[in-house]
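Enquirer: One structure is given below, represented as structure tokens, and several questions about it will come after.
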């Protein structure tokens, strides 16, 4: 075979193996670009397409009318770092040990009955995570925004890092940013606008390649800062159903929506929108005192529904021609196996994934199998505002325990006192009516499943009694 023919043959093989695949009909389909957008602290009902009448998200609302929207989607954990660790690793918290934003013994020591499990701050560089797998498949990978589960995303599978570090929130949303991973813009430049522009620039520069863009906005995490003109708009707007107490928070949400709109228009202008698989979600529930998630109870840091149920939609016009709403319970650990399945990539040898593929559910509306979902938190997380968090008690959003959902049933177990709470979410999404006494048989059934899961996954349990605990101690409340 002549050299030119050999070169042509190898080029065709490379093109087929890395860029395109054939479906059953014999037509060729280029693999999709992938964009994963995660908005920080955005609550389940903090967007228009999930029912908010106060926050304005016109771009996301329009996108939802062309997407599969999940109404029972869950984060892997109730606050920032563990949720992101679950998403990127595809594994539940006991496997990677990131249970909270350190430390795990938060709150007054005299009010904690148990010694919590020590927390792991970051995912180890040795752990195989989603961007590394996609990079090995030839994707150009970029993280633009918050990282928080390591020192530098480029040591964990990303070719490009703009703005990401160990930090869980920005020092300021206005340039100069004081962010070592982000060059300052003109004085007064707004961070969300800058990150959206960086994303559009990355897309334009890699239009001819397959790319994975991870877009974890810093917004709407504190510090609450927004452009004054937009804040003024919400100052004049009446509150609605527990939302609207903070006009700055609302302005930050709308600015994120505006940035996403810019990204979507960039894709469309380049002809990339049809074959870009875009996932939009949040990392945990909204902050309860800033934005109520009614009918859901509580918010960020709590394992009631308001702390872990999140907005979630998938948009891929080339493969999902009709929009629909799905009430199937899913969890963010499903993203990793779904993307492997979409790309027809085998699970890496030795890699454990705790989610399932949603591919057939997305593309064919095939039903998902019945399965339990678990959350394990052998740690403490103090209240934001005692008495206002809709938590089990005034002092903590989270005390050590395990939670599971199976079908419509949700079981909470608390390690300090060995008590359980049982709710039927179909009839009581707000978890207001504990049914554990009336349905002891259901508690026993779910308890056995929960214990089997903990044994199987090797879940860490609190170390033992806390010698500093004082029964009846009431800490002085901060003003």
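Enquirer: Any residue that is in contact with a helix residue (DSSP H, G or I) (Cβ under 6 Å, 6 or more places away or on another chain), surrounded by 18 or more Cβ atoms within 10 Å (Cβ to Cβ) and modelled with pLDDT of 95 or more - is there at least one of those in segment 132-142?
Expert: yes
Enquirer: Among the residues in segment 174-189, are any within 29 Å of residue 289 (Cβ to Cβ) and under 22 Å from the mean Cα position of the chain (by Cα)?
Expert: Taking every residue of segment 174-189 in turn, none turns out to be within 29 Å of residue 289 (Cβ to Cβ) and under 22 Å from the mean Cα position of the chain (by Cα).
Enquirer: Look at residue 63 and say whether it is assigned by TED's automatic domain parsing to the domain that holds residue 283 and surrounded by fewer than 24 Cβ atoms within 10 Å (Cβ to Cβ).
Expert: yes
Enquirer: Out of segment 190-222, which residues are in contact with a strand residue (DSSP E or B) (Cβ under 7 Å, 6 or more places away or on another chain), in a loop (DSSP other than H, G, I, E, B) and either within 21 Å of residue 275 (Cα to Cα) or free of Cβ contacts under 8 Å to residues at least 40 places away in the same chain (or both)?
Expert: Hits for segment 190-222 are 206, 209, 210.
Enquirer: Here is a follow-up. Quick one: count up the residues across segment 37-60 that are crowded, with 22+ Cβ neighbours inside 10 Å and under 19 Å from the mean Cα position of the chain (by Cα).
Expert: Counting residues in segment 37-60 that are crowded, with 22+ Cβ neighbours inside 10 Å and under 19 Å from the mean Cα position of the chain (by Cα) gives 14.
Enquirer: So which residues in segment 422-450 are more than 26 Å from residue 369 (Cβ to Cβ) and under 28 Å from the mean Cα position of the chain (by Cα)?
Expert: Answer for segment 422-450, where residues must be more than 26 Å from residue 369 (Cβ to Cβ) and under 28 Å from the mean Cα position of the chain (by Cα): 430, 432, 433, 434.
Enquirer: Within segment 304-331, can you find the residues that are under 30 Å from residue 382 (Cα atoms) and either free of Cβ contacts under 8 Å to residues at least 12 places away in the same chain or in contact with a strand residue (DSSP E or B) (Cβ under 9 Å, 6 or more places away or on another chain) (or both)?
Expert: If the condition is that a residue be under 30 Å from residue 382 (Cα atoms) and either free of Cβ contacts under 8 Å to residues at least 12 places away in the same chain or in contact with a strand residue (DSSP E or B) (Cβ under 9 Å, 6 or more places away or on another chain) (or both), then 304, 305, 307, 308, 309, 310, 311, 312, 329, 330, 331 are the ones that fit.
Enquirer: On to the next question. Quick check on my filter: what residues within segment 112-122 are surrounded by fewer than 22 Cβ atoms within 10 Å (Cβ to Cβ) and either over 27 Å from residue 194 (Cα atoms) or touching a helix residue (DSSP H, G or I) at 6+ places or on another chain (Cβ under 6 Å) (or both)?
Expert: Once the filter is applied, which keeps residues that are surrounded by fewer than 22 Cβ atoms within 10 Å (Cβ to Cβ) and either over 27 Å from residue 194 (Cα atoms) or touching a helix residue (DSSP H, G or I) at 6+ places or on another chain (Cβ under 6 Å) (or both), segment 112-122 yields 113, 114, 115, 118, 119, 120, 121.
Enquirer: Follow-up. Considering segment 223-252 alone, what residues qualify as being out of contact with any helix residue (DSSP H, G or I) (no Cβ under 6 Å at 6 or more places or on another chain) and part of a loop (DSSP other than H, G, I, E, B)?
Expert: Those that are out of contact with any helix residue (DSSP H, G or I) (no Cβ under 6 Å at 6 or more places or on another chain) and part of a loop (DSSP other than H, G, I, E, B): 223, 225, 227, 236, 237, 238, 239, 241, 242, 244, 245, 246.
The rows are residues; the columns are (1) in contact with a helix residue (DSSP H, G or I) (Cβ under 7 Å, 6 or more places away or on another chain); (2) farther than 20 Å from residue 106 by Cβ; (3) in the same structural domain as residue 454 (by TED's automatic domain parsing); (4) without any contact (Cβ under 8 Å) to a residue 40 or more places away in the chain.
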site: 364; (1), (2), (3), (4): no, yes, no, yes
site: 378; (1), (2), (3), (4): no, no, yes, no
site: 382; (1), (2), (3), (4): no, no, yes, no
site: 388; (1), (2), (3), (4): no, no, yes, no
site: 394; (1), (2), (3), (4): no, no, yes, yes
site: 416; (1), (2), (3), (4): no, no, yes, no
site: 424; (1), (2), (3), (4): no, yes, yes, yes
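Enquirer: Among residues belonging to segment 258-278 that are crowded, with 20+ Cβ neighbours inside 10 Å and outside any helix (DSSP H, G or I), point out the one that is nearest to the chain's Cα centre (by Cα).
Expert: 278
Enquirer: Just one of (1) free of Cβ contacts under 8 Å to residues at least 12 places away in the same chain; (2) within 19 Å of residue 62 (Cβ to Cβ); (3) in contact with a helix residue (DSSP H, G or I) (Cβ under 9 Å, 6 or more places away or on another chain) trips up residue 268, so point out which.
Expert: Unmet condition: (3).
Enquirer: Continuing with this model, one more query. If you check residue 255 against the conditions, is it surrounded by 21 or more Cβ atoms within 10 Å (Cβ to Cβ) and either assigned by TED's automatic domain parsing to the domain that holds residue 88 or out of contact with any strand residue (DSSP E or B) (no Cβ under 6 Å at 6 or more places or on another chain) (or both)?
Expert: For residue 255, the condition - surrounded by 21 or more Cβ atoms within 10 Å (Cβ to Cβ) and either assigned by TED's automatic domain parsing to the domain that holds residue 88 or out of contact with any strand residue (DSSP E or B) (no Cβ under 6 Å at 6 or more places or on another chain) (or both) - is met.
Enquirer: May I pose another question? Do we have any residue at all in segment 195-205 that's within 29 Å of residue 102 (Cβ to Cβ) and surrounded by 15 or more Cβ atoms within 10 Å (Cβ to Cβ)?
Expert: Checked against the condition, which is being within 29 Å of residue 102 (Cβ to Cβ) and surrounded by 15 or more Cβ atoms within 10 Å (Cβ to Cβ), segment 195-205 yields at least one hit.
Enquirer: Would you point out the residue of segment 151-169, among those that are crowded, with 23+ Cβ neighbours inside 10 Å and not in a helix (DSSP H, G or I), that is modelled with the lowest pLDDT?
Expert: Ranking the candidates gives 156 first.
The values are calculated or read from the model by the stated rules, or taken from the named source; none is laboratory data. Small disclaimer: the values here were computed from a predicted structure and weren't measured. All Cβ positions, glycine included, derive from the backbone under ideal geometry; neighbour counts span all protein chains shown.
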